[in-house]
Amino acid sequence: MSSFENGEGALVIDVGSSSCKAGWSGEDMPRAHFPSVMSTGEHALESKEARQAKEIRRAESMEEPTTSVNVSGKSAPVSLKHPVVRGKVDLSDDTMEKLLEHTFSVELDMYSESLAVPVLVSEAPGTDKATRARLTQMLFEQFKVSGVCFANSAVLSLFASGRTRGVVLEVGAGVSSVVPVFEGYSLPHAVLSMDCAGQDVTSFLKQNINHELSHQAVQAIKHKVANANKMDGKGKQSEKSEYELPDGTTINIDGVYASACVDQLFNPDEYGIEAVDGGLGDMLAKSMSMCDKDLQPDLHRNIVLSGGTTMIKGFSERVKNEVRGGVDGPINVVPDSTGIEPGYNSQRQIGAWIGGSILASLDTFNKISVSKQDYEDEGSNANIVHRSAAKGRDQVTEDNRG
Ligand SMILES: Nc1ncnc2c1ncn2[C@@H]1O[C@H](COP(=O)(O)OP(=O)(O)OP(=O)(O)O)[C@@H](O)[C@H]1O
Ligand SMILES: [Mg+2]
């Protein structure tokens, strides 16, 4: 592979179902973290109105897949849309292109005719080749980037925790997934996922609070009161949590709901949620059992949490208890509830981005990326991106071993 003309660093982007994280390789934090949403038909709006719609949307919620907002001066509400729904990129219209445009020009303030930098894109486990190829083409043709690389978000989160071997439980806003990884390779035959995550936790709470509150208000309550205590059916969680709304009103949240909203992730059947592989604990045990026997003890000892929803109180302990019943031998969940690895703790929501920042600063990044030259040499065939990723993975692994 030829190296990039611009050797100054790469852009790292993780577009999630609720928010987009974007910034420069080698940095500790994304420069921008904002709702992954665009107003549809935005070109028809005056820029002031488009901005206003975005501001309202930003304040409203980062989770709901589609919604509409009232913009002053418009008789009809403006529709807003996420380009990523339940972890899947929707390329049926130009929402993703608009979001990338917004990311580069507004959030990162780097608009020019040609971006001329390589871009590392974090992709959800199970992203199909057609989506990857279409995004590759978009990045080269529309944004004129100098290189493109895709990396699995779970593998990146594992890198962020300082590992190349382990099993990642990623629970974001729209999707939960379990991905075992061996020396930097995800093991696709044992990847399991469920369309139930943070946005469903918020919706559950919203339905069970006796107050008319916006999604955003309930989300803030969730961050404060939700806990992953096990539901034991004996009403132990019945203590109420007090919560003060921004207007000063105090409301009481029944403890049963504060834990049931999280319990549904672990016991989806009991809540009428379709989940072929069971809840998060079952998914972990099943996924690890599908891997090579020799690898299993390593996986048990390196269960790495990532995604914003794993920040819920008691989440790590609950995962440990759930898995303990299903596997033999010692188990270690990272971050551990006892704070053995506190460093990774607060980074969980941006774990994939941080891993991307690390990967894109390795010397081998050039080898696993497709440069503009490679793309053009192949007659602008975006499918080159699959071959390149396969070739480069061994190389990444070697670097991380050292
Ligand atoms: N402290 C917290 N406690 C509980 N939930 C939290 C906390 N912080 C963030 N969340 C939740 O995490 C979710 C967002 O996480 P994340 O940014 O990892 O998702 P995403 O990448 O946008 O979505 P996905 O990966 O599912 O496509 C939201 O549902 C948010 O409410
Ligand atoms: Mg995510």
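Numbers below:
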| read-out | value |
| --- | --- |
| Candidate set: the stretch 143-158, residues that are among the hydroxyl-bearing types (Ser, Thr, Tyr) and within 14 Å of the chain's Cα centre (by Cα); chosen: the one farthest from ligand 1 (Cβ to nearest atom) | Ser157 |
| Residue that is farthest from His189 (Cα to Cα) [pool: residues in the stretch 279-334 that are within 16 Å of ligand 1 (Cβ to nearest atom) and either more than 22 Å from the chain's Cα centre (by Cα) or basic (Lys, Arg) (or both)] | Lys313 |
| Residue identified as surrounded by fewer than 17 Cβ atoms within 10 Å (Cβ to Cβ), of a type in the set (Ser, Thr, Tyr) and modelled with pLDDT of 90 or more among Ser122, Ser92, Ser105, Ser79 | Ser92 |
| Per-region count, the stretch 159-209, residues of a type outside the set (Lys, Arg), within 15 Å of ligand 1 (Cβ to nearest atom) and assigned to a helix (DSSP H, G or I) | 9 |
| Residue match in the stretch 224-233 (condition: free of Cβ contacts under 8 Å to residues at least 12 places away in the same chain and farther than 30 Å from His82 by Cα) | yes |
| The lone exception for Val201 - which of (1) touching a Gly at 6+ places or on another chain (Cβ under 8 Å); (2) within 16 Å of ligand 2 (Cβ to nearest atom) it fails | (1) |
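Residue-by-condition table, conditions (1) assigned by TED's automatic domain parsing to the domain that holds Met283; (2) closer than 15 Å to Gly355 by Cβ; (3) at pLDDT 95 or above:
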residue	(1), (2), (3)
Thr131	no, no, yes
Arg134	no, no, yes
Phe150	no, yes, yes
Ala154	no, yes, yes
Val168	yes, yes, yes
Gly172	yes, yes, yes
Val181	yes, yes, yes
Leu187	yes, no, yes
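Rundown of residues vs (1) away from ligand 2 (no atom under 16 Å from the Cβ); (2) of a type outside the set (Val, Ile, Thr); (3) within 25 Å of Trp353 (Cα to Cα), yes/no style:
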position: Ile273; (1), (2), (3): yes, no, no
position: Val276; (1), (2), (3): yes, no, no
position: Gly279; (1), (2), (3): yes, yes, no
position: Met283; (1), (2), (3): yes, yes, yes
position: Met290; (1), (2), (3): yes, yes, no
position: Lys293; (1), (2), (3): yes, yes, no
position: Val334; (1), (2), (3): yes, no, yes
position: Ser337; (1), (2), (3): yes, yes, yes
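The values are calculated or read from the model by the stated rules, or taken from the named source; none is laboratory data. It should be emphasised that the depicted structure is a prediction, and the values quoted were computed from it without experimental measurement. Reconstructed Cβ throughout: ideal geometry from the backbone, glycine too, with neighbour counts over all protein chains shown.
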